[in-house]
Amino acid sequence: MNFRNFETSSGKLVLAGKDAKNNEELIVQISPEEDVFHTAKPGSPFVNLKSKNSSSKDIKESAIFCAAKSQDWRDNKSNVEVHWFKGKDILKRKEMKLGTFEVKKFKKIKIKKEEIEKFLKNVN
């Protein structure tokens with residue numbers, strides 16, 4: 001399993017799927033208490049913060065990573081809404097297509113265009 005990845009400023013590992021099949025592989029290895037992210041709009045990698053005790057800064061940085069890798073960002077270059085949830089809130093029904101999941105409950109994080117641009121400038 002080869003995922004996109006980066007480390008938060010506190011050194012926590014963050015993983016992201018590369019495509020639908022890779023998202024499936026990512027979701028399978030997430031523990032119930034780990035944080036997961038996906039944009040409100042389709043075309044986003046699922047992003048997994050590999051920590052059970054994440055700071056608000058870790059969560060924000062992971063959400064920015066998710067937004068920066070999304071179709072919404074590539075298409076619009078504007079603010080992106082990211083959904084944040086726990087591994088235990090992810091549900092897969094057998095009729096759902098590859099890479100698609102249902103999320104029982106989530107919180108919304110608005111990522112500003114400037115935050116994404118700053119992130120991309122620092123990782124490149």
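Out of the residues in the stretch 90-117 that are surrounded by 10 or more Cβ atoms within 10 Å (Cβ to Cβ) and free of Cβ contacts under 8 Å to residues at least 24 places away in the same chain, which is nearest to the chain's Cα centre (by Cα)?
Step by step, filter the stretch 90-117, then rank; the result is F106.
Please work out if K52 is over 19 Å from E114 (Cα atoms) and exposed (fewer than 15 other Cβ atoms within 10 Å of the Cβ). Walk me through it before giving the result.
Details: over 19 Å from E114 (Cα atoms): yes; exposed (fewer than 15 other Cβ atoms within 10 Å of the Cβ): yes.
Yes, satisfied.
Taking only pairs six or more apart or across chains, which ones have beta-carbon atoms under 7 Å, a first residue in the stretch 1-28 that is more than 17 Å from W84 (Cα to Cα), and a second residue that is among the basic types (K, R) and assigned to a loop (DSSP other than H, G, I, E, B)?
Filtered contacts from the stretch 1-28: F3/K18; R4/K18; R4/K69.
Only residues that are of a type in the set (S, T, N, Q), over 8 Å from the mean Cα position of the chain (by Cα) and either within 19 Å of N122 (Cα to Cα) or modelled with pLDDT under 95 (or both): list them for the stretch 44-68, please. Give the steps one after another, and end with the answer.
Going residue by residue through the stretch 44-68, those that are of a type in the set (S, T, N, Q) are 44, 48, 51, 53-56, 62.
Now narrow it down to the ones that are over 8 Å from the mean Cα position of the chain (by Cα): 51, 53-56.
Answer for the stretch 44-68, where residues must be of a type in the set (S, T, N, Q), over 8 Å from the mean Cα position of the chain (by Cα) and either within 19 Å of N122 (Cα to Cα) or modelled with pLDDT under 95 (or both): S51, N53, S54.
Looking at (1) under 17 Å from F106 (Cα atoms); (2) in a strand (DSSP E or B); (3) among the polar types (S, T, N, Q), can you tell me which one N5 breaks?
Result: N5 fails condition (1) only.
Of everything in the stretch 69-89 that's assigned to a helix (DSSP H, G or I), charged (D, E, K, R) and loosely packed, with under 14 Cβ neighbours inside 10 Å, which residue is nearest to the chain's Cα centre (by Cα)?
Initial filter on the stretch 69-89 (assigned to a helix (DSSP H, G or I)): 71-76, 87-89.
Filter again for charged (D, E, K, R), leaving 72, 74-75, 88-89.
Going one step further and asking which of them are loosely packed, with under 14 Cβ neighbours inside 10 Å, we end up with 74-75.
Working: R74: 15, D75: 18 Å.
Looking at residues that are assigned to a helix (DSSP H, G or I), charged (D, E, K, R) and loosely packed, with under 14 Cβ neighbours inside 10 Å, I get R74.
Would a scan of the stretch 85-98 turn up a residue that is under 22 Å from L120 (Cβ atoms), at pLDDT 95 or above and not hydroxyl-bearing (S, T, Y)? Steps first, answer last, please.
The initial filter retains those residues of the stretch 85-98 that are under 22 Å from L120 (Cβ atoms), namely none.
There is no residue in the stretch 85-98 that is under 22 Å from L120 (Cβ atoms), at pLDDT 95 or above and not hydroxyl-bearing (S, T, Y).
On the basis of being among the charged types (D, E, K, R), in contact with a strand residue (DSSP E or B) (Cβ under 7 Å, 6 or more places away or on another chain) and at pLDDT 95 or above, does K112 make the cut?
On the way: among the charged types (D, E, K, R): yes; in contact with a strand residue (DSSP E or B) (Cβ under 7 Å, 6 or more places away or on another chain): no; at pLDDT 95 or above: yes.
No: the conditions fail for K112.
Read through the list (1) more than 12 Å from the chain's Cα centre (by Cα); (2) assigned to a helix (DSSP H, G or I); (3) farther than 25 Å from N76 by Cβ, then give the number of the only condition that N22 fails.
It is condition (3) that N22 fails.
Please go through the stretch 1-36 and pick out each residue that is in contact with a Gly (Cβ under 7 Å, 6 or more places away or on another chain), within 20 Å of N53 (Cα to Cα) and surrounded by 15 or more Cβ atoms within 10 Å (Cβ to Cβ).
Hits for the stretch 1-36 are L26, I30, E34, V36.
The values are calculated or read from the model by the stated rules, or taken from the named source; none is laboratory data. These numbers come from a predicted model, not from an experiment. With ideal geometry, Cβ positions are generated from the backbone for all residues, glycine too; neighbour counts draw on all protein chains shown.
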